[in-house]
1. Bin width 10 Å, alpha-carbon pairs only: give the P(r) of segment 33-81 as whole percents, running from 0 to the bin holding the largest distance.
2. Quick one: if the Förster radius is 60 Å, what FRET efficiency do residue 417 and residue 20 give, using the C-beta to C-beta distance and rounding to 0.05?
3. Which of rounded, prolate or oblate describes segment 298-380 when judged by the alpha-carbon gyration tensor and an a/c cut-off of 1.5?
4. Taking amide H atoms as placed 1.01 Å from N in the peptide plane, list the residues 5 or more away in sequence, or in a different chain, whose amide H sits under 5 Å from that of residue 284.
5. Calculate the FRET efficiency for residue 4 and residue 124 from the Cβ-Cβ distance with a Förster distance of 30 Å, rounded to the nearest 0.05.
6. Given the alpha-carbon gyration tensor of segment 267-337, what are the semi-axes of its equivalent ellipsoid in whole angstrom, ordered largest first, with each equal to the square root of 5 times an eigenvalue?
7. Taking the highest mean first, how do the peptides 50-56, 155-161 order by number of other beta carbon atoms within 10 angstrom per residue?
8. Rounded to a whole number, what is D in µm²/s for segment 78-203 from Stokes-Einstein with the Kirkwood radius over alpha-carbon pairs (20 °C, 1.002 mPa s)?
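Every number in this text was worked out from the coordinates using simple rules, so none of it is lab data. In this text the structure is predicted, and so the values were computed from the model without any measurement. Using ideal geometry, Cβ is built from the backbone for each residue, glycine included, and neighbour counts are taken over all protein chains shown.
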Amino acid sequence: MYTEMFVTRLRTLLARELEEPTLRRPPGMSCPSAPAPSCEAVFDGCTPRAAYVASVLAAHVRLGAKAAPEALQALQRADVRLTPVALQALVAFGSPAAVPGVLDQLAVPECRARALASLASLGAVARPAATEPLLRLLATGKEGWERARAAEALGRVGDAAALEALRQAVYAPHSEVQAAAVAALGSYSFHAYAEELVPLLQRVVTTHASPVARSHARLALEGLSGQEVQPAESIDCADLSPRRAGGWTLHEGHTSVQLHWDKPKAPPRGSPCASVPGRDSASVLEVMGEACLVGWDDGEFGGTLEVHEAGRVTVLEEPQANPLVVVRMHGTLVVVDGLAHMFGGAGSLVRVDASEGRWRATPWVTLPGAPMAYALDEAGDLVVGTTNQRLDAVVCGRAGTFAPAHVVRVTEDGRLAPVEPDGRP
């Protein structure tokens, strides 16, 4: 209700903070030495007040975009703590001024996940500058998630120069890359090439080995034709009651369904998670040495994934995160994200790790729908049950509605394969 008024006042406040020859820090805080550079938004004693204001403006994407000139001015101050916040604000506003900084991040391995997410968000704004770097990463990226997120970003950027590389990637060696390439080709950016893409998408729906690729192709064909395409593997909603499956409890709203594991237990006194503000409403609380991984899930309104340490908070994912639960897989911390929404279910696995004292989140694996249950098998691989059921079918149990359901295994290198009823891939 008051967003427009607040945005105007915040712009004025940010401009005033940036007029200072020396950026002011929060009262009582100090920064005895310059902190190490980071691509993530970090809030601690070294964070200037301008960064807090820019962060709030970025949360009000549409109206906040009026503050793009101030965000660019903040970026030009080249402050270690202000720069990543200002750059993320410009990305949220869809500003072309963000593109050079994001491409600089893309060249840094520790920043690559953040840069790829930013390019996907910028979309056509990053065209054509981002096309060649993304094509190079799609062809030479060392890990499957890098190549997959490059394909995803190419679909959002929408440069026709990427079409042939994306077609070839549909049958790349890594399942995550295959699925991302199909999703990219089916994106709105390439609807002008529907006539040549439809035959490929039809083949993917009926014959492709990846359940995620088949799901993406089905949705793409529905978008192109305006007609529902029944999945090859489906279940009748009348025979499915997903309100309690594998321990997941559904919280129903008007436009979404949130899938939650049992509420995290209250952390013991002295735990790094015990001092987290608002921890009672967190969906994820996980101790990581002297730090606490914290997730908040607000359904279709998004959420955040953060690392809380003494006097320091690192924001790993925002604003569209839906963290549900944490699992340790082959020694790696993996967050299960997911949401059942009006157009079906969405899910992903996010890898969390630290490098040289800096935390980062890697958008690792895309799941074929919203996660309903999970387990680790004898080999330590993650097995996840998902559904891509539409919200109206979940809530109303509409008879005759069909929706795909999958059980998939995720291996240590991020490859995904369907699990047959006897447990074999």
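1. Histogramming segment 33-81 at 10 Å steps yields 24, 54, 20, 2 percent.
2. Calculated transfer efficiency: 0.60.
3. Cα axes put segment 298-380 in the oblate bin.
4. Excluding prolines and chain starts, which carry no amide H, the hits are 295.
5. Details: r = 27 Å, r/R0 = 0.89.
So the FRET efficiency works out to roughly 0.65.
6. Working: eigenvalues 67, 45, 23 Å².
Values for segment 267-337, descending: 18, 15, 11 Å.
7. Details: 50-56: 23.4, 155-161: 19.6.
Result, highest mean Cβ count within 10 Å first: 50-56, 155-161.
8. On the way: Rh = 14.6 Å.
The calculation lands on 147 µm²/s.
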